[in-house]
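Peer 1: Quick one: the structure is below, and I'll ask about it shortly.
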Amino acid sequence: MKRLVIFDLDGTLLNTIADLAQSTNHALSVLGYPTHEEAAYNFMVGNGINKLFERALPEGEKTAENILRVRQEFVPYYNIHNADKSRPYPGIEDLLSALQASGIQTAVASNKYQAATEKLIAQYFPNIRFTAVFGQREGINVKPDPTIVEDIISIAKVSKEEVLYVGDSGVDMQTAINAGVTACGVTWGFRPRTELEQFHPQYIVDEAQEILHILQ
């Protein structure tokens, strides 16, 4: 019996790719670097924003100094524009409401920086009482390091056997493996099903409502 469902954010609960792409392209453009098509960002996100900027920068420019410069342009712009086009995926709001009504705890474990994670969750899911909402926090390793999941489990006061971890990428599947919890991949996000299958998660679903069937 699962008592806690932990969700990734970008590509799992919310389709945020357009705003991430727009904001990164803004930062790159300000600094005189070439920009990328929106679809290219599907394979740049997922490991935190510093890794996103490293991937977006041209070859030969991927220095720590340049990553910081991009970050300084990105963060203030994204803080304003992170909800311009982002939207929940179909069925997500109903799924979260159903889990809450049934007494199953929910939480968020994201590699997006903490302030943006909290803002988006509060904006799009104001009626959901999440047990924890964690993004990338200072001094805490990003996923697939299992610390974020372990911290949530501690707050929720459940065992690892009672946890279902839901995400759209190989990083998420590896996070679940590293944390020793049941993994569920979703196919509506940023990465292809083949990437999920490489990690042999216990479940792969195509629609949000299928997660309810797993829990039943």
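The values are calculated or read from the model by the stated rules, or taken from the named source; none is laboratory data. All figures in this text were calculated on a predicted structure; none of them were measured in a lab. Neighbour counts are summed over all protein chains in view; Cβ atoms, including those assigned to glycine, are modelled from backbone coordinates with ideal geometry. Protein only, heavy atoms only, side chains kept; ligands, DNA and RNA dropped before computing areas. Shrake-Rupley method; radii C 1.70, N 1.55, O 1.52, S 1.80 Å.
Peer 1: I'd like the full set of residues that are assigned to a helix (DSSP H, G or I) and open to solvent by less than 70 Å² (accessible area, probe 1.4 Å), limited to the stretch 57-70.
Peer 2: Scanning the stretch 57-70 gives ASN66, ILE67, VAL70.
Peer 1: Let me ask you something else. Checking ILE140 against (1) farther than 23 Å from ALA18 by Cβ; (2) free of Cβ contacts under 8 Å to residues at least 40 places away in the same chain; (3) outside any loop (DSSP other than H, G, I, E, B); (4) open to solvent by 20 Å² or more (accessible area, probe 1.4 Å), which test does it fail?
Peer 2: Here ILE140 meets the rest and fails (3).
Peer 1: Another question, then. Return the only residue of THR117, THR131 being under 28 Å from GLU195 (Cα atoms) and of a type in the set (Ser, Thr, Tyr).
Peer 2: THR117
Peer 1: Quick check on my filter: what residues within the stretch 33-51 are in contact with a helix residue (DSSP H, G or I) (Cβ under 6 Å, 6 or more places away or on another chain), under 21 Å from ARG137 (Cα atoms) and not in a loop (DSSP other than H, G, I, E, B)?
Peer 2: ASN50
Peer 1: Within the set of pairs 6+ apart or on separate chains, which have a first residue in the stretch 36-49 that is in contact (Cβ under 8 Å) with a residue 12 or more places away in the chain, a second that is open to solvent by 40 Å² or more (accessible area, probe 1.4 Å), and C-beta atoms under 7 Å apart?
Peer 2: MET44/ARG55; ASN47/VAL142; GLY48/GLN136; GLY48/VAL142; ILE49/ARG71
Peer 1: Residue pairs, Cβ under 7 Å, 6 or more apart or interchain, first in the stretch 175-190 and in contact (Cβ under 8 Å) with a residue 60 or more places away in the chain, second β-branched (Val, Ile, Thr) and crowded, with 23+ Cβ neighbours inside 10 Å. List them.
Peer 2: THR175/VAL149; VAL181/VAL149; VAL181/VAL163; THR182/VAL163; VAL186/THR12; VAL186/VAL166; GLY189/THR12; PHE190/VAL45
Peer 1: Can you confirm whether GLU54 is in contact with a helix residue (DSSP H, G or I) (Cβ under 6 Å, 6 or more places away or on another chain), acidic (Asp, Glu) and either more than 27 Å from ALA109 (Cβ to Cβ) or surrounded by 15 or more Cβ atoms within 10 Å (Cβ to Cβ) (or both)? Talk me through it step by step, then tell me what you get.
Peer 2: Numbers: in contact with a helix residue (DSSP H, G or I) (Cβ under 6 Å, 6 or more places away or on another chain): yes; acidic (Asp, Glu): yes; either more than 27 Å from ALA109 (Cβ to Cβ) or surrounded by 15 or more Cβ atoms within 10 Å (Cβ to Cβ) (or both): yes.
The answer is yes for GLU54.
Peer 1: Mind telling me which of the residues VAL166, VAL133, VAL149 ends up being among the β-branched types (Val, Ile, Thr), in contact with a Cys (Cβ under 9 Å, 6 or more places away or on another chain) and open to solvent by less than 70 Å² (accessible area, probe 1.4 Å)?
Peer 2: Every option except VAL166 fails the conditions.
Peer 1: Quick check, is ALA176 assigned to a strand (DSSP E or B), open to solvent by less than 20 Å² (accessible area, probe 1.4 Å) and under 17 Å from GLY11 (Cα atoms)?
Peer 2: No: the conditions fail for ALA176.
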